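For reference, the structure is listed below as structure tokens.
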Amino acid sequence: MDISNLDLGDMKSRDLGNMVSKKLVELGKEALENASSGGMVDYGDLPSRALPEIGKQVLARKLENNESF
């Protein structure tokens, strides 16, 4: 899929929000897995907003450092 020609005009705002939230959760999980030094991570003890918030922090750091993701 060529993301530069992606037309989002027919999508609902909820769908766009879900796409963004899903990526933030993935970034949050990745950060926790990296921080746990290869151990198992129990996501059940985390508040529901923890993974997206961690994902936002990861994204902010990557943008600050001009890293790709």
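Throughout, read-outs are computed from the coordinates displayed, never taken from laboratory work. Keep in mind that what you see is a predicted model, and the values were worked out from it rather than measured. Note that we place each Cβ from the backbone using ideal geometry, even for glycine, and neighbour counts take in every protein chain shown.
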Ellipticity estimate at 222 nm from DSSP helix runs (n ≥ 4, -39,500 (n - 2.57)) divided over the chain, nearest 500: -19000 deg cm²/dmol
nm² value of the averaged projected area, convex hull over the Cα atoms of the chain: 6.3 nm²
Per-peptide average of other Cβ atoms within 10 Å, ordering 19-27, 50-58, 5-13 highest first: 50-58, 19-27, 5-13
Dipole magnitude of the chain, debye to nearest 20 (Cβ charges: Lys/Arg +1, Asp/Glu -1, about Cα centre): 200 debye
Straight-distance crosslink candidates among aspartates and glutamates, where the alpha carbon sits under 20 Å from Lys62 and sequence neighbours closer than 8 are dropped: Glu26, Glu30, Glu33, Glu53
Nearest-ten-degree value, helix 13-35 long axis tilted from longest Cα axis of the chain: 30 degrees
Additional length obtainable on full extension of the chain from Lys62 to Lys12, 0.36 nm per residue less Cα span: 15.2 nm
Folded to 0 to 90 degrees: helix 50-64 orientation relative to the chain principal axis, Cα: 70 degrees
